[in-house]
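Trainee: Here you go, one structure.
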Amino acid sequence: MSGEPPDFDVIYSISDLHLGPDEGLQPFHEGPALAGAVQGMATRDEAARVALVVNGDIVDFIARDTQRTFDPEVSLHDLDAIAQRFPEVFQAWSLFARTPGRTLVFNLGNHDAELGLASHQQWLRDRLQPATPEQILFTFDPAYSSAVRYEGFLARCGGRTVRVDHGNEVDGWNVIPPARVREAGKGPGSTLGLPTDPINAGSSLVVSLMNQAKRRFRFVDLLKPETSGAVPVLLALDPSMLGEVLTFLRLWARKNQDDARIAQGLLGPTPGATEPPEEALLRGLLAEASAVQLDGDALLEETFRERSRSPLDLATDERGDWAQAAPLLGGGPLLIPGLRAALAALNRGWKGFRLDDQDDTFLGLRDRYGLDDGVLIAGHTHLRRRILQGRGVYLNTGTWMPLIRLDRILQDRSTFREFYDQASKPGLAGLWKFCTRTRTVARVDAAGATLMAADEAGNLAQDEGGVA
Amino acid sequence: MTRREEKIRSIRLELVRSGEDENQLLSPLTPYLALVQNRPAEELRLPFQHGEFLELHRQLRYEEGPERAAQAAQKMAQLLARFLGGLKGLHQELASSGADLFELQLVLSASELALLPFELLTGSGAMPAGASPFPGRTLILRQSRRQAAPFRSWPDCPRILLVASSAGGVVPAKSHLRALQAAAELFLPYRTDLPGMTARQWLGDHVEVLAEASLHELQRRCREGSYTHVHLLAHGGEEGPPWGRRFGLWMASTEGKGRQLVSGQLLADALRTGGGLPSVVTLASCDSGNQGSVLYPGGSVAQELHQAGVPLVVASQLPLTFAGSAVFTEEFYRKILRGEDPREAVLKTRSALLSLGPTGWLDWASLVVYADLSASFGPQVRRAQRRVFQRRIDARLAWLGHGIAGRGDRSSLELETEEQARSFEGKLRQLMDELQEGCEGRARVEALAFCGSAEKRWAEALQGGVAGASPWRQRLRVEALRRSRGLYFEAFRSGGPEVLYALVQALVVDRWLREQGDSGAEELQDGGAHARWLLDLTPGPARGAEWHRASLELELLSADQPPRARWLLGAPGAAWECYSLLRQLRQRYLVFVKGEALRERVETLARELEAQGVTGTWSSGAMWKR
């Protein structure tokens, strides 16, 4: 491969499908729509050079009962199971890869890092049977990534540079060590061996804690991406998980210390290192989750209206639905927030559904790669974005999973009560009314870069930015 | 010496050792010297090791739950009782006085001793009565050997800032604001049920809120206005390595994102931005009185604030419960804003926390007070007490009609029946009795004159409203004016020529009574001539606005021609006297006087004042004087 990025007339990108092997643990139900959309991409613009980038978290290897965050062996079997569960999707990809002028590109996410392994790449090639080997491109293939000197997908389209990156590399909790996956992808004889387990905090959180909670509260699966914000939610759902949460945080803190120590070439403890501050870390997470934004004027008026009530009475109210009988102003046992408070904190972190909101992933990627007059496409956050800066365009393709509308759930107490009742039941059917679906596709061509939305049959239309 | 002064006995207990303040552990091997008042120094040693203390302290901080904390409190109290119980000098000092409140000034310079929760020995929460070396009503005031900040003036008119931060987690902000509002209600001139009344109007500048503040925002607020009391509600937290941890308060980060742990020194710097520091800072926050590490110099948030110049700091040396923090705020502020001595207030707050039972866990023992009260503190408190009572009376009277405070339309309190009026009058007179209680000398004269004024205003209020002409109102009005006259005259008799205005007011009220058909007071028969004689004795340069006002009113009562106001208008400090006189003319003379000649003179004088720009509105918030 030459060092120049490949040139295309049209580039499509989709992400965060989360096709999982376990019927009970994954919520993707858009097989026909996805297949229809991919078939359309294969057949439309017949003479054009078209790339479809499947941009990370395509499959979800940690959405199953496992204690491992990176499992080469089991994940290969999982691919079989996933292909059986979603044959129409694989058939559509296969059609695309066998259509002349089409290139199917796979990029890594944080839930499908095993796809970087040579065995898994081969499995995909065998399954999809491209017309020519070049019609399937793995961005993590060292031949490609070293040629273009980029970890994601880099191409030219309509005279512009197009970068497609999953986005987890700028999320401290979900970074995948790419060099290790790439090295592992070389197969037997690789010098570095397989990535260590746990591969990152986010994946570790999923397998050690979230998968447990999902069995009882299915909606946990809809809380993505997995970052610190999910910890208070898990504890709010089941305070008895406190010990496991602390163990998780301790292991994770130690691993970070170990990594730092190894990086410094030290064999003993890092000089000056203290015990992993997992409890302090957890206190911080819980405090953040339980915090409410106080408004001085509102407080004055509310208290004025409630002046017949005693301070003690109000304090009892304000302590909320804590796990403890007597919450403390710091210190003492950990203060676990109620589910409503924890979800509210998570919602704050998501910053809503505004298409032009400059979230942390956008800022991280922009700062890392710049935007100039190019196009930058990401996923990972599950939130669609379309941000124009100068002549540059940033797109985030969100997810094809149902997306839980925390803002809707939290709008009033009765809605939250209804949500909680539904969330306590088995299955996800009762939760759809609290979710939104956005089958989002990014399209770049000579005319520009935009977001498209697929209908249930997979027909693409301009995405107007509305949220169902 | 008044009865209130006799109640509190101060005893200074200083514990010292050789060496630097920091970097020593608690150990039975370390000899300490105890200096009690001016008694001979005594040596004492701790009956426990540092490790034993740390374990108990961990339990006191509820790390093994509230039941273990209660057991640890008993054990700790026993150890501390053994430590201090053998001090003969302390025992003798405590036994030598019949005081019913002991203020133990505990001066600790050694960091490791500041760790110890001596407050467990006060009250009956951790040990049975009689087992503690201290009498039941003992308050520990922690001090350092370095001179901190004595009070210049104990505040009598609160301007409270509530700083509430949820940066460390949810806090019971509404509860604390409600507690502060409830305490300040005494001072508020507005009723809450007036149409369109908002919280800000109601509270005025007595209680303000700063929510989710960073230190920058706190600085800005303190630059804009000075506060008498600052109440901080925030989660406490700790930072630093295990061997050097320090406690602070979680506030919003000054960088606009996230949070930061704020030390006492940083807080003090922010509070000082306006030039001065508040007199009182209360910290509703876990571990705000926790010394933290003994290895390095520095102290708790409370200690640092005190050393930086805040005269009185009340904090929590252990974790503080939501419920306990609410009770702490409610009790402490209610007591001090009512004019109680803050030492009494802390004792009563501790009792209230103890009576919370299991809900309050060890909050009663957690309260820790840093204060350096000079010998003048008692008189300061009593002076403030009197002003507090005056403000409370002002506020009650202002409720009768906002016009009385010059703040808008009159909106009379329901005084439609004699029963309602008698009830209101009873409360008013109770406050007046409390104001006069224990007052001597100049303070008594001022209190009598103030009450004379209050009765006058009460009579004025009884004149208004639809039932203004009813017989019971007439009866109550005459009774109020008689009391007013008696109080003014008593003030003059006690204070002499210096309070000549009181004699003049007694004469004025006497005239009003006679106009109402009441008989005049015998002792005032020659009062007019006497007052004139006294006025004439005052040398010209000493004739200020007060003198001219008195002179004008005397002339008004006696001369055939209306007096001229020009001397009063040109006198220094005339603004208040002009306003007050105009109100008196329009709302009292013209209401109580029936005689045409006098009414005409009053009208002429009032018009002259108005022509010179005097209005019946007083906006500076100055207190009623007479």
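Trainee: Is the C-alpha gyration tensor of the range B:1-81 telling us rounded, prolate or oblate? Criteria: a/c under 1.5 is rounded; beyond that, a/b larger than b/c is prolate, otherwise oblate.
Mentor: The shape class here is oblate.
Trainee: Also: By how many degrees, 0 to 90 and rounded to 10, does the Cα axis of helix B:596-611 deviate from the longest principal axis of chain B?
Mentor: Between the helix axis and the principal axis of chain B, the angle is about 60 degrees.
Trainee: Of all the Cα-Cα pairs you can form in chain B, what percent are over 32 Å apart? Walk me through the numbers before you get to the answer.
Mentor: Values: 107624 of 195625 pairs.
Taking all Cα-Cα pairs of chain B, the fraction more than 32 Å apart is 55 percent.
Trainee: A further question follows. Taking neighbour Cβ counts within 10 Å as the exposure measure, how do B:His216, A:His166, A:His380 sort from fewest upward?
Mentor: Fewest-to-most ranking of B:His216, A:His166, A:His380: B:His216, A:His380, A:His166.
Trainee: Averaged across the residues of B:159-169, what count of C-beta atoms belonging to other chains lies within 10 Å of each residue's C-beta? Display every interim value, and only then the final one.
Mentor: On the way: counts 0, 0, 0, 3, 1, 3, 2, 7, 4, 10, 16.
Partner Cβ neighbours, averaged per residue: 4.
Trainee: Going by a ≥ b ≥ c, the root eigenvalues of the Cα gyration tensor, does the range B:275-332 fall in the rounded group (a/c under 1.5), the prolate group (a/b larger than b/c) or the oblate group?
Mentor: Numbers: a/c = 3.58, a/b = 1.17, b/c = 3.05.
Oblate shape, in that a/c is at least 1.5 and b/c is the bigger or equal ratio.
Trainee: Suppose R0 equals 35 Å; then what is the FRET efficiency for B:Glu440 and B:Arg39 from their Cβ-Cβ distance, rounded to the nearest 0.05?
Mentor: That pair, B:Glu440 with B:Arg39, gives E of 0.60.
Trainee: Place the peptides B:160-167, A:212-219 in order of packing, highest mean first, counting for every residue the other Cβ atoms within 10 Å and averaging per peptide. If you can, show how the numbers build up before the last one.
Mentor: On the way: B:160-167: 25.4, A:212-219: 18.8.
Sorting B:160-167, A:212-219 by mean packing, highest first, produces B:160-167, A:212-219.
Trainee: Find out how many positive minus negative residues lie around B:Glu608, taking Lys and Arg as positive, Asp and Glu as negative, among other residues whose Cβ is under 12 Å from that of B:Glu608.
Mentor: On the way: positive: B:Arg564, B:Arg566, B:Arg601, B:Arg607; negative: B:Glu603, B:Glu610.
After counting each charged neighbour, the total is +2.
Trainee: Please state the shape class of the range B:3-142: rounded when a/c is under 1.5, otherwise prolate if a/b exceeds b/c and oblate if not, all from the C-alpha gyration tensor.
Mentor: Working: a/c = 2.07, a/b = 1.23, b/c = 1.69.
Note, shape of the range B:3-142 comes out oblate.
Trainee: Quick one: net charge of A:Asp112's neighbours, Cβ under 9 Å, K/R +1, D/E -1? Could you put the intermediate results ahead of the total?
Mentor: Working: positive: none; negative: A:Asp57, A:Asp60, A:Glu114.
The answer is -3.
Trainee: What are the ³J(HN,Hα) couplings of the range A:137-151, residue after residue, when phi is run through the Karplus curve with 6.51, -1.76, 1.60 and θ = phi - 60°? Round to Hz, x for glycine and proline.
Mentor: Here the 3J(HN,Hα) series is 10, 9, 5, 8, 5, x, 4, 7, 5, 6, 5, 8, 6, 8, 7 Hz.
Trainee: Whole-Hz Karplus ³J(HN,Hα) for the range A:212-223, in order, using 6.51 cos²θ - 1.76 cosθ + 1.60 and θ = phi - 60°, x for Gly and Pro?
Mentor: Each residue's phi maps through the Karplus curve to give 5, 5, 4, 4, 9, 10, 5, 5, 4, 5, 8, 8 Hz.
Trainee: Which order do the peptides A:412-423, B:200-211 come out in when sorted by mean C-beta neighbours inside 10 angstrom, highest first? Provide the component values of the computation, followed by the final result.
Mentor: On the way: A:412-423: 14.7, B:200-211: 20.1.
My ranking of the peptides, most packed first, is B:200-211, A:412-423.
Trainee: Tell me, what ³J(HN,Hα) does each residue in the range B:436-447 have, in order and in whole Hz, if you take phi through Karplus 6.51 cos²θ - 1.76 cosθ + 1.60 with θ = phi - 60° and put x for Gly and Pro?
Mentor: Result, ordered by residue: 7, 4, x, 7, 9, x, 4, 4, 5, 4, 5, 5 Hz.
Trainee: I've got another one for you. Can you give me the long-range amide H partners of B:Arg12? Hydrogens built in the peptide plane at 1.01 Å from N, cutoff under 5 Å, separation of 5 or more residues or another chain.
Mentor: Sorted by chain and number, the residues that satisfy this are B:Gln37, B:Gln105.
Trainee: In nm, to one decimal, how far is the B:Glu64 label point from the B:Ser226 one, both placed 7 Å along Cα→Cβ?
Mentor: In this crude spin-label approximation the distance works out to 5.0 nm.
Trainee: Can I ask one more? Give me B:Tyr501, A:Tyr369 sorted ascending by neighbouring Cβ count inside 10 Å, so fewest comes first. Each step should come with its number before you reach the end.
Mentor: Values: B:Tyr501 22, A:Tyr369 17.
Sorted ascending by nearby Cβ count, the order is A:Tyr369, B:Tyr501.
Trainee: Given a Förster radius of 22 Å and the C-beta distance between A:Ser414 and A:Glu306 as r, what FRET efficiency does 1/(1 + (r/R0)^6) yield to the nearest 0.05? It would help to have the intermediate numbers written out before the result.
Mentor: Details: r = 21 Å, r/R0 = 0.95.
For R0 = 22 Å, the calculated efficiency reads 0.60.
Trainee: Taking other Cβ within 10 Å of each residue's Cβ, how do A:Ile176, B:Ile393 sort, fewest first?
Mentor: Details: A:Ile176 27, B:Ile393 24.
Neighbour counts put them in this order, fewest first: B:Ile393, A:Ile176.
Trainee: In nm, give the distance between the simple-model label positions of B:Arg493 and B:Arg191, each being 7 Å from the Cα along the Cα-to-Cβ direction.
Mentor: 3.7 nm
Trainee: Roughly how many whole Å is it from the C-alpha centroid of the range B:458-521 to that of the range B:554-617?
Mentor: 18 Å
Trainee: Over all residues in B:64-72, what is the mean tally of Cβ atoms on other chains that come within 10 Å of each residue's Cβ? Walk me through the numbers before you get to the answer.
Mentor: Details: counts 1, 3, 5, 0, 0, 1, 0, 0, 0.
Per residue, the average neighbour count from other chains is 1.
Trainee: So which of B:Lys75/B:Lys348; A:Lys214/A:Lys433; A:Lys433/B:Lys174 end up more than 27 Å apart by C-alpha? Kindly include the intermediate steps, with their values, before the conclusion.
Mentor: Numbers: B:Lys75/B:Lys348 25 Å; A:Lys214/A:Lys433 19 Å; A:Lys433/B:Lys174 34 Å.
Over 27 Å apart, Cα to Cα: A:Lys433/B:Lys174.
Trainee: Percent of Cα-Cα pairs more than 12 Å apart in the range A:402-461, please. Show your work: numbers first, answer last.
Mentor: On the way: 1285 of 1770 pairs.
The answer is 73 percent, as a whole percent.
Trainee: Which order do peptides B:109-117, A:115-123, B:425-433 fall in by mean Cβ count within 10 Å, highest first? If you can, show how the numbers build up before the last one.
Mentor: On the way: B:109-117: 22.0, A:115-123: 19.7, B:425-433: 16.1.
Peptide ranking by packing, descending: B:109-117, A:115-123, B:425-433.
Trainee: Can you check what the net charge comes to around A:Ala449, using other residues whose Cβ is under 10 Å from the Cβ of A:Ala449 (Lys, Arg +1; Asp, Glu -1)? Could the numbers behind the result be given before it?
Mentor: Details: positive: A:Arg160, A:Arg386, A:Arg443; negative: A:Asp445.
Computed value for this residue: +2.
Trainee: Further, regarding this structure: Taking the convex hull of the Cα atoms, report for the protein assembly as shown its projected area averaged over all directions, in nm². Spell out each step's value before the answer.
Mentor: Details: hull surface 217.0 nm².
Its average projected convex-hull area is 54.2 nm².
Trainee: In nm, give the distance between the simple-model label positions of B:Asp269 and A:Asp313, each being 7 Å from the Cα along the Cα-to-Cβ direction.
Mentor: My value for the distance between the label points is 4.4 nm.
Trainee: Residue by residue through B:322-332, how many Cβ atoms from other chains fall within 10 Å of the Cβ on average?
Mentor: Details: counts 14, 9, 5, 5, 9, 4, 1, 2, 4, 1, 0.
Partner Cβ neighbours, averaged per residue: 5.
Values in this text are rule-based calculations from the coordinates and carry no lab data. Remember, predicted model here, so these are calculated numbers, not experimental data. Using ideal geometry, Cβ is built from the backbone for each residue, glycine included, and neighbour counts are taken over all protein chains shown.
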